[in-house]
Structures are given as C-alpha cells and as structure tokens.
There are 2 protein chains.
Amino acid sequence: MTLPSLLLEAGSHQLEMAETLIGVLRFLLIFLAARTLAEVLVRFQLPTILGELLAGVIIGVSGFHLLVPPESQVAINESFVQLISSLADVPAPEIQQLYNEDFLILEGVANLGLYALLFLTGLESELDELVAVGAQAFTVAVAGVVLPFALGTIGLMVLFQVDLIPAVFAGASMTATSIGITASVFGELGYLKTREGQIVIGAAVLDDILGIVILAIVVALGAGGSLEIGPILKLVAAAVVFVVAAIALSRSAAPAFDWVIDRLKAPGEVIVASFMVLAVVMFAATAIGLEAALGAFAAGLILSSSKHTHAIQRAVIPIVSLFATIFFVLVGAGMDLSVVNPADPANRAGLVMAGFMFVVAIIGKVAAGWSFLSDKPTNRLVVGLGMMPRGEVGLIFLGLGTASGLLTPSLEAAILLMVVGTTFLAPLLLRVVLKDKDPGADSGDGSSTPQPEAQLTA
Amino acid sequence: MTLPSLLLEAGSHQLEMAETLIGVLRFLLIFLAARTLAEVLVRFQLPTILGELLAGVIIGVSGFHLLVPPESQVAINESFVQLISSLADVPAPEIQQLYNEDFLILEGVANLGLYALLFLTGLESELDELVAVGAQAFTVAVAGVVLPFALGTIGLMVLFQVDLIPAVFAGASMTATSIGITASVFGELGYLKTREGQIVIGAAVLDDILGIVILAIVVALGAGGSLEIGPILKLVAAAVVFVVAAIALSRSAAPAFDWVIDRLKAPGEVIVASFMVLAVVMFAATAIGLEAALGAFAAGLILSSSKHTHAIQRAVIPIVSLFATIFFVLVGAGMDLSVVNPADPANRAGLVMAGFMFVVAIIGKVAAGWSFLSDKPTNRLVVGLGMMPRGEVGLIFLGLGTASGLLTPSLEAAILLMVVGTTFLAPLLLRVVLKDKDPGADSGDGSSTPQPEAQLTA
C-alpha cells in the first residue's frame, strides 16, 4: 500500500511509493526504447534483438544513464531522480539508493527471461536432428573455441607484445558464444529448426560447457596458483553426464510428464508443471557446477516431445517477450562505450588492438563453420555467423578480467569492442545471408506476425 | 556463469551458485506445496487459492521455515541451509544472508503476479455492467467499511476495555477487503462477469480507496498529531479523478490502442504494448497516492474493450498462473500462527477477543451485502461473502500496528486471527453458496479445464 505524506512512519511509505515509481518507470523506459528501435529494425528486416541491445546502450551507462547497473558506479540521470523525488517527496540521495537496491529485482526478472528463452529454444529443438548433427556441432564448438583462442593469444603476444597471462585471458574471452543472442536471432528469423540452426544451437551449448572449463583453467593460471587437474576433470565428467542424461531423458521423460499432466486437475497445470521441470533441471545443472541457463535449455529439450509442447510454448512466449527483452536491454546498458571512443586520444592505442581482436573473433568463429564434414548441404557461413555473437558471456569475461586486475585499460577496451562488435554484427550479417532464403514461415519478412506464431510455425 | 571451486575470486562465484540454488529451490518448494494442495482442493471443488495460502502457512513462518520473509526474523530451516551450503561450498551464515537479500526478487515477482491478476480482472470486467452496478458497489463498499469499523471499535472498547486509539486501529484493520483474493476466487469459479461478481469487484476497488483514506486518518490519530484535513481531501479528490478518468478512458482509449497495435510490426507487440499501458496507469495511480494495484485493475478495464482483449488475456494468464501463486503463498508464509495457538495459555486472553473480532468481521461484510437497493435479482450472500477476505491488506494493517507499538499482543493476535479466519473461510463459504449454481462454464467443477480457458469462456 502506498500512503499519503501525512502518515506515521511517513518515511517508509513514501519510500515504498518511490520504489514502485522507480520500478514502473524503469520498465516503461526499457520497453519504450527497445520497442521503438525494434519497430524501425523490422522495417529493414533486421532482428529486433539489435534494437534491444541498442536501446540498452542508449538508455544505459553509455547513454542517458536511465538504466545503470549499480556495479557501474555511474550516477543516475538527474531528471529521473528529480521526477521520482518530487512525486514521492523523498530526498534525491535516497532515490539513488532505492534505485540500486531494487536493481536486483530487475536483474532477477531478466535472468528469468533468459531462462525462459533457452527453455523455449529447447522446446522448439528437434532432438533427433540435434543428435544427428551432434558430431558437426561438436567440431564447430571445438574449432570455434580453439581458433579464436590460439589466434588471439599468439597474435596479442607477437604483434602487440602483451604478456602471456593477459594474452591468454583475452584469447579466452573470445571463445564463448552467447547462446541467448543466437537462440533469439534464429528463433525470430524462423531458422531454429533448420539443419544450420540445430548445429549452431548444439555447438553453442557445448561451447558454453567448454567456456566454463576454459575459464576455470585460465583464472587458475591468472591467480598464479598451481593448476589442479582434479576439479577440472570432475567438471568435464559432470558436463558429459549432464548432456547424456538430458538426451536420454528427452526420449523417456516426456511420456511420464504427459501421464502426470493427465492426472492433474487444478487449473494452469501445464504451465506450472513445465516450470517445475524447468526448475528441477536448472537445479541439477547448477548443483554440478554448470550454468543454470544450460539446465533451462535441457529442460526444454526434455519436454520437446511432450504432447503438451505447443501449450507450453504458447504459455512461455509472453514471458520471453517481456522478460528476455529486459535481459538484452540490460546487456546493452552495461556496455561502457566511452573507453572505445576514438575521439579520445587515450583510447587510440587500444583501438588498434581492438581492431585486431575484432577481426580474429570473427574469423575464428566463421572458420569454425568450415570445420566439419557433412553429407548433407549445409550453409557453413550461417553456422559460422551464428557462433559469432559473444554478448553477455563476453561481458562476464571482461568483468572477471577487470576485477582480477590482469588487464591493461587498452586490453579491456579491446575486449569490449570485440564483444560489442560481434554482438551487433552477427544478427546484421545473418539477416543479410538469410535474406533470400525462406525456411517456410514468413517470420523474417517484417510482417506483423507476432514472434509466437512465427516460432511455432517455423 | 557459475564457476567451479578452484577459481580466483572463488568466493563470489560460489555465492552466485548458491544464489541460483536458493532461488530455484524456493521456487520449487512454493509450487510443490501449492500445487499438491490445489490438486486435493479441486477434487473437493474448492478454490485453489486456499491451497496457495495454506501452502504458505505450511512452508512459512508457522510451519517448516522454508519460506521466511526476512522481516519475520525467523531462522531458515536447517536442512535447507545445509543442502545449499554443501552443494555450493558456502558457509551456512552466508546462505542465510543470501536468502534474505534475494527475497526481494521473490517479492518483486510476487507483486508482478498480483498486478497481472488485477490487470486480468479488469480485462475480464464488463465496463457497462460495472457502471450499471456502480451505486450498489458504492453502498456495499461504504457499508462494508462502516459496519465492521463501528461494531469492532465500540465492541472492543465496551466489551474488552480496549483504549480508544488501539480500538480504532483494530476496527480500521477490519475494513479492507483483499481484492486479490476476491478476484482470484470469482475468476476461478467463473463468476467474475455475473452481476454479483461485478458488484463485488467494484466494491472491492472502492473499498481499497476508502481503506487508504481511513488508514491515513487512523495513523495520524495514532501518532498523536493533529489531523490535517487538507491532504486527506486532496487524496479523496485524486481518487475520484482517477476513477472517473479510468471509466472515461475505457470508453475511448481502447480504439486508440488498437490503432497503434495495427501499426506495430515487431513481434510480440500485443503483450508488450498492453504491459506498457499497464505500467503507465500504475505509474499514474501511484503518483497520486493510490495503490499501484488499483492502477493495474484500471489498466485492464481500459483495455477491456480492445479488439485484442482475448490475445492479451491469453498472454497474461500464464504470468498470473505462475506469479500470483507466489504472491498468495507469500501471504500465507507471512502468517505467524503461533500467537493464536490455543494450547499456549498466554494466548487465551487474546483468543476470546479474536473470536469477537472474527465474528464482527464476518457480520460486517456479509451485512453489507444487504445494504443496497436493487431492481434485479441479486444474490446478496454472495456479495457479502465476496467482500469478506482481508488477506494481505489485513496483514499490512497488522504490520503497521505492530511497528507503531499501538497494539497489545492480545490485540495483535486477535487481528491476525480475524485476517486468517476471513481469508480462509470466504473462499470455502463462497464455494458452498455457489455450489448449485452454474454461471455458464463448468470451470468450478474440478474438471481438468485449465484456468485460462475457464476464465475466457466464463
């Protein structure tokens, strides 16, 4: 309840009013920016995720400071603070504090959006097709990790005289594909169920697992400690068990799920039961040291052969439309582009290195598209470009590197530009390459068909 | 990303892993408890919201301490802490701290669920019917506020020698109907669009507004300060303007909304645009001192004559199924029933008073069902019972009273029992009264028809 200003404990109720106003206004700004840009982009037949990322850049740390993660230490837009402060009659410093405290809720909802997106991606995947392209996906994942890592590390050491440890860290930051961005672009363009789409999704999942292992090794090296092989082997074993179990369960668990659903009578049973499966698999993935997001994808895969799959998809899509948008806007909002501004002379040293990393990051992943043998016609460029966006995973690497003090400002700027460049360029190039091809649905032609239907019919 | 234990900054990543595990496990426990009970209840043709509230009591502060709001100061279940602690390799005290910090996300999502529920209630309301029963709803709201307040305050003073201020406060705590519980029960039973349903929803909305005004007066009195009439008049004026504007907009804003939707091309436009309308109206309601929840209902009402209403409903229902459940489980989890345990002699003094308040709380609202003139046949008992549940609003009053130090322990226990009793009894009695009547759909017969369809076809 929000209460007027004459109350006992008026302070705490005005704070509650301010909290609500901050939360609602932030929500509005996120969607106003993201959807305005999305409307422009669909008219150029470009993926709307670009609009979400760009919206984040515009209202975030690099732009108007309306959406600023507390860890960025950036002051919130003055007008935003003044508006809330005068409406709720709460002093400006407390507005800033409330803003930061409640950012946790926004991040929680954004993560829910990412999990829902990967759950949906799993639901829309074809297990048989995914298993059929398993060898190709594995090769693409390994090549897409080894090539950028080797080229990047060696290049930084030889061409730019970077020390071994920072070079290894920067090389590692180029290895991880953003499965969220890839899944979103392929889903929106209606390409998820194509052979290329399944290779990319499979490879992105494996890449995510490899990324965790690489990060474990690199950070252990960076800490100067001895590299213990035991925990890493345990992690690899856990990952293998998890993938095998998920595939095995996809064959057998869906009928059990359907049997349970048929016996449930309380309303809303399909959506609630499927989210409980999602939670169980996410819990298992996290408990063995993998990412919760991988668990979300595996949960979708397990339920992809349920007879209720379409009902689950219909229920999950609104959650994705709302909350995954918040996720991608937050990714954009966290990018501080001031360090790569070429107008600032201090940045120029980093920019040459950034250009090098950017090129290697593209070449490394695109080349991975040619790394496998295939008896069926496969568009290798689509596979390579699909693996290109580094997105939030690259930003996590950057944050770790910065926190550990391993990276020079130039190297930090170079990693950021590599992440930003690949993230924005991949959806653009994919759209160009896929332009003349139609996987069946008209989902990519900028018609007003909502994403839900497009994804379901693709 | 969750990382294994050998990492640099291992602490922070293990904490992240622990956070994910806590969040996912809490989600699982909430739904496991709520849905198990819901399955039992539907088989007795009882509203599932009873299961959600009861689930909260069982896993919450009064039960297993698995779901404990930080402000309750109750220690979390030892096994829960041990499980997460051993899985994430994080010391137990830090688990407790993480649990408390992240409770904010759960509460944020729960509030989203309440807003979505009231938005859906507004969408499913018939504006013409609501306006047609406006006079009746107003009378019910006023009578349902005046009767319990007068009977309660005078009774407590005369029969139990309670002082004026605490008696006024306790009387005031009996005035506010929980619109969330009422909307949920009428929605599930398919009675939202009946004449009785619309009177109850209209009255509950007005009751909410009256509640804010009463609370403002009571708390000002309680603080011993002079009662300023200016701010209260301003609040009343704001409320009147808000209601009139919402009704006026329901007639004219929907075509404008439809015009905009028809011009949007980015996927997911209906759900995103409708949530943006929701956010704008919630912002307006909060900014003038009303509750955000009222804004959510008004937003639904404004969009109820859109040609996209059904698409919006379909998209909102999964969000309600998931998040409103969390809201009601949290309401139950916050009820500390140990103070009303009759086995404890210290509680017995309060229990007699509690019994009195409970009876007055029922009589006051049920009698309000007979307070209006009607030219059409109306089931007055249904109207009275619909206004009965105090739910979360009663708990907010209790929290305020406790914080202000106005209430004796006996009086606190009495208010709690009144809230718990009316909250649990109302859905039960409504089900009994509505048992032999069928508003059209078979949504109340415990068939496996999911709530979505039931609500849409009702």
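The values are calculated or read from the model by the stated rules, or taken from the named source; none is laboratory data. The structure presented is a predicted model; accordingly, all values stated were derived computationally and were not measured. Here Cβ is always computed from backbone atoms with ideal geometry, including for glycine, and neighbour counts include all displayed protein chains.
Some values worked out for this structure:
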| item | result |
| --- | --- |
| Single match in A:A324, A:A293, A:A284 (criterion: facing chain B (nearest Cβ under 10 Å) and surrounded by fewer than 24 Cβ atoms within 10 Å (Cβ to Cβ)) | A:A284 |
| Hey, B:V340 of a type outside the set (D, E) and either crowded, with 24+ Cβ neighbours inside 10 Å or within 8 Å of chain A (Cβ to nearest Cβ) (or both) or not | no |
| Residue list for the stretch A:222-234, restricted to those being part of a helix (DSSP H, G or I) and modelled with pLDDT of 70 or more | A:I229, A:G230, A:P231, A:I232, A:L233, A:K234 |
| Residue satisfying all of: in the stretch B:267-279; surrounded by fewer than 24 Cβ atoms within 10 Å (Cβ to Cβ) and more than 7 Å from chain A (Cβ to nearest Cβ); nearest to the chain's Cα centre (by Cα) among these | B:V277 |
| Residue count for the stretch B:58-88, restricted to those that are charged (D, E, K, R) and at pLDDT below 95 | 1 |
| Tally, over the stretch B:374-415, of residues that are in contact with an Asp or Glu (Cβ under 8 Å, 6 or more places away or on another chain), of a type in the set (A, V, I, L, M, F, W, C) and at pLDDT below 90 | 4 |
| Output for the stretch B:43-57, where each listed residue is in a helix (DSSP H, G or I) and crowded, with 21+ Cβ neighbours inside 10 Å | B:T48, B:I49, B:L50, B:G51, B:E52, B:L53, B:L54, B:A55, B:G56, B:V57 |
| B:A349 being in contact (Cβ under 8 Å) with a residue 40 or more places away in the chain and closer than 30 Å to B:E107 by Cβ | no |
| In the stretch B:389-439, the residues that are in contact with a Ser or Thr (Cβ under 7 Å, 6 or more places away or on another chain), more than 21 Å from B:A293 (Cα to Cα) and basic (K, R) | none |
| Pairs where the first residue, in the stretch A:22-48, is more than 15 Å from A:L66 (Cβ to Cβ) and more than 8 Å from chain B (Cβ to nearest Cβ) and the second is assigned to a loop (DSSP other than H, G, I, E, B) and hydrophobic (A, V, I, L, M, F, W, C), C-beta under 8 Å, 6+ apart | A:P47/A:L189 |
| Residue within the stretch A:192-202 that is in contact with a helix residue (DSSP H, G or I) (Cβ under 9 Å, 6 or more places away or on another chain), more than 9 Å from chain B (Cβ to nearest Cβ), among the basic types (K, R) and not in a helix (DSSP H, G or I) present | yes |
| Test: residue in the stretch A:215-228 that is crowded, with 20+ Cβ neighbours inside 10 Å and of a type in the set (S, T, Y) | no |
| All positions within the stretch B:124-158 that are surrounded by 22 or more Cβ atoms within 10 Å (Cβ to Cβ) and not in a helix (DSSP H, G or I) | B:S125, B:V133 |
| Residue count for the stretch B:230-253, restricted to those that are more than 21 Å from B:L206 (Cβ to Cβ) and either at the interface with another protein chain (Cβ under 10 Å from one of its Cβ atoms) or crowded, with 21+ Cβ neighbours inside 10 Å (or both) | 1 |
